[in-house]
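Comments concern the structure below.
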Amino acid sequence: MRPRVLTILGATGTIGVNTLDVVARHAGRFEVFALTGATQVERMLEQCRVHRPRVAVMNEPAAAAALHDRLVAAGLDVEVRSGTAALTEVATAPEVDTVMAAIVGAAGLPATLAAAQAGKRILLANKETLVVSGQLFMDAVAASGAELLPIDSEHNAIFQSLPRGFRGDFQQAGVNALWLTASGGPFRTLSEEAIAAATPAQAVAHPNWVMGKKISVDSASLMNKGLEVIEARWLFNAHAEQIKVLVHPQSIVHSMVEYVDGSVIAQMGTPDMRTPIAYALGFPERIDAGVPMLELMGRQLTFEAPDLQRFPCLQLAFDALAAGGNAAAVLNAANEVAVARFLDGAASFGAIAASIAHALDKLAGGPASTLDDLLDADRQARRVADAFIGAARA
Ligand code: NAD
Ligand code: MG
C-alpha cells in the first residue's frame with residue numbers, strides 16, 4: 001500500500017499535535033510532506049525531528065530563520081518557508097494527497113480553499129473557513145472532486161451516523177434532523193451576571209476537552225456551537241430548522257442523526273479528538289487512535305436545552321445563518337477580534353456578544369457573491385468590532 005502523503009496546516013496547535021500522535025502510531029501508513037505553524041519554533045523543531053517533513057512553514061520570516069538555524073545545527077534536512085503564500089503552496093503541492101486543515105480562524109481560509117480547489121482529501125478542523133465562505137467552499141469541493149472529511153467531533157459523529165455516501169439529500173436518505181450536542185462549557189451553571197464578568201482563566205478551563213485558547217473561549221460563550229450550526233448547514237446541506245442543539249455535559253454522545261422512522265443514530269466515545277482524527281486519516285478503514293475505550297458502566301448521561309438568554313452568541317449565530325449573505329463572515333470576524341481582546345484583558349466576556357451584535361447591525365446585508373466580498377466583510381467587521389471595544393473602554 002502506498003503511504004498517504006500529508007500536509008498538516010497548524011501542526012503546532014492542539015489538533016496538529018493530536019494528528020501527529022495518531023500518525024506516529026502507524027509507521028509506513030503516512031508520510032509527512034509539510035508541517036506549518038505560526039510562531040512556535042521549538043515545537044516545530046521537535047516535530048521535524050520526529051516526523052521528517054520535506055517542508056516546514058512558519059508565519060514570520062524571523063521565526064522561519066530561527067527554525068532554519070536550529071534545523072541546520074541538528075543536521076536535519078528540511079526546507080523552511082514563510083508567509084501565507086507558502087501555506088497555499090504546501091496545501092496544493094502535487095505530492096500531497098491529504099491536507100489536515102487545523103489553523104485557527106479565518107487565517108486558515110486561503111490555504112484550505114486552495115486545497116479544495118486542488119481536489120485534495122481535506123480533513124477539516126478549521127470550521128471558521130466554512131463559516132466565512134460556506135457556499136464558495138462547497139462549490140469548490142464539488143467542482144474539483146475534493147473529498148471533505150469533518151474533524152469537528154460533532155460533525156464527524158454526524159458523518160459516521162449518516163448513510164455512507166450521503167450527498168446532502170435529506171429526503172432521499174430519510175433524515176429528519178441533525179442533533180448537535182454541546183458540553184455547555186465551563187459557564188453552563190453560572191448566572192448571566194457571573195458570565196458577563198468571567199475572566200480568561202475561567203473561560204479557557206473547559207471541563208471535558210483540552211483545546212486551543214480561541215475555541216475554548218468560543219465553547220464558554222457557546223459561539224463554538226453557533227459556528228458548528230453554520231458548519232453543519234454547509235457540510236450536510238441542512239436547512240437551519242433541521243439543525244438542533246442539545247446540551248450534554250458529559251460529552252460522551254458526540255452528536256446524532258434523527259431519521260423519519262423514529263430511529264436516532266448517535267456516535268459515542270471518550271472525549272478525545274484523536275478519535276475523529278483517526279477516523280478521517282484512515283477513512284474508510286478504522287485505525288487505532290490511542291484513545292481509552294469508553295466505559296459506560298455506572299455513568300449517567302444527561303441532556304438539557306441550551307439557554308439562549310445567558311448565551312446570546314448561539315442566538316446570534318442562528319440569526320446570522322437566517323440572514324445569509326455576508327452575515328456569517330461578519331459574525332466570525334467580530335467574534336475573532338472580541339475573543340482576542342478578551343484574552344488580552346482589553347474586553348469583558350460580556351463584550352463578546354455585544355460587539356458581534358453591533359457588527360452584524362452595521363454590516364450584515366452587504367455584498368457576498370465573491371471571495372473578495374467575503375474577505376472585505378471580514379476586514380470591515382474586524383474594524384467595527386475593534387472600534388466598538390475601544391469605545392466601550394474609553
Ligand atoms: P490552536 O490554537 O491550538 O492551534 C492553531 C494552529 O494554527 C497552530 O499551529 C498555530 O501556530 C496556527 N496558527 C494560528 N494563527 C495562524 C495564522 N494567522 N496563520 C497561520 N497559522 C496560524 O487551535 P486548535 O485548538 O488546534 O484549533 C484549530 C482549529 O480546529 C480551529 O479552527 C478549531 O475551531 C478547530 N477545532 C479544534 C478542536 C480541538 O479540540 N482543539 C475541536 C474541533 C475543532
Ligand atoms: Mg466541536
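The values are calculated or read from the model by the stated rules, or taken from the named source; none is laboratory data. Small disclaimer: the values here were computed from a predicted structure and weren't measured. Note that we place each Cβ from the backbone using ideal geometry, even for glycine, and neighbour counts take in every protein chain shown. For accessibility, only protein heavy atoms count, side chains too; no ligands or nucleic acids. Shrake-Rupley method; radii C 1.70, N 1.55, O 1.52, S 1.80 Å.
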Study note, to complete from the structure: Residue pairs qualifying under the 6 Å Cβ cut-off, at least six apart or on distinct chains, with the first in the range 139-160 being closer than 28 Å to ILE252 by Cβ and the second being acidic (Asp, Glu) and within 12 Å of ligand 1 (Cβ to nearest atom), are GLU154/GLU228
Revision key, fill the gap. Counting only residues in the range 123-152 that are in contact with a strand residue (DSSP E or B) (Cβ under 7 Å, 6 or more places away or on another chain) and open to solvent by 10 Å² or more (accessible area, probe 1.4 Å), the one nearest to ligand 1 (Cβ to nearest atom) is identified as ALA125
Review point. Among strands (runs of 3 or more DSSP E) lying entirely in the range 240-284, which contain 2 or more residues that are within 16 Å of ligand 1 (Cβ to nearest atom) and not aliphatic (A, V, I, L, M)?
Key: 253-259
Practice item. Of all residues in the range 269-300, count the ones that are loosely packed, with under 12 Cβ neighbours inside 10 Å and farther than 20 Å from MET100 by Cα. Key: 8
Practice item. Run down VAL104, VAL80 and say which single residue is open to solvent by 30 Å² or more (accessible area, probe 1.4 Å), among the aliphatic types (A, V, I, L, M) and within 16 Å of ligand 2 (Cβ to nearest atom). Key: VAL104
Review point. Which one of these is more than 23 Å from ALA38 (Cβ to Cβ) and more than 14 Å from ligand 2 (Cβ to nearest atom): ALA232, ALA198?
Key: ALA198
Review point. Going by the conditions given, is SER161 within 16 Å of ligand 2 (Cβ to nearest atom) and not aliphatic (A, V, I, L, M)?
Key: yes
Point to revise | So PRO200, is it over 16 Å from the mean Cα position of the chain (by Cα) and in contact (Cβ under 8 Å) with a residue 12 or more places away in the chain | key: yes
Review point. Has the range 185-200 got any residue that is in a loop (DSSP other than H, G, I, E, B), open to solvent by 10 Å² or more (accessible area, probe 1.4 Å) and within 12 Å of ligand 1 (Cβ to nearest atom)?
Key: no
Review point. For the range 240-257, how many residues are farther than 23 Å from MET211 by Cα, open to solvent by less than 40 Å² (accessible area, probe 1.4 Å) and not hydrophobic (A, V, I, L, M, F, W, C)?
Key: 1
Check your understanding: Conditions: (1) free of Cβ contacts under 8 Å to residues at least 40 places away in the same chain; (2) in contact with a helix residue (DSSP H, G or I) (Cβ under 7 Å, 6 or more places away or on another chain); (3) more than 19 Å from PRO186 (Cβ to Cβ). ASP344 meets all but one. Number of the miss?
Key -> (2)
Practice item. Only one of these is touching a helix residue (DSSP H, G or I) at 6+ places or on another chain (Cβ under 9 Å) and in a helix (DSSP H, G or I): ALA140, ALA177. Name it. Key: ALA140
Review point. Taking into account only those residues within the range 161-172 that are in a helix (DSSP H, G or I) and touching a residue at least 60 places away in the same chain (Cβ under 8 Å), which is farthest from ILE243 (Cα to Cα)?
Key: SER161
Practice item. Quick one: PRO367 ticks every box in (1) modelled with pLDDT under 95; (2) open to solvent by less than 40 Å² (accessible area, probe 1.4 Å) except a single one, so which number is it? Key: (2)
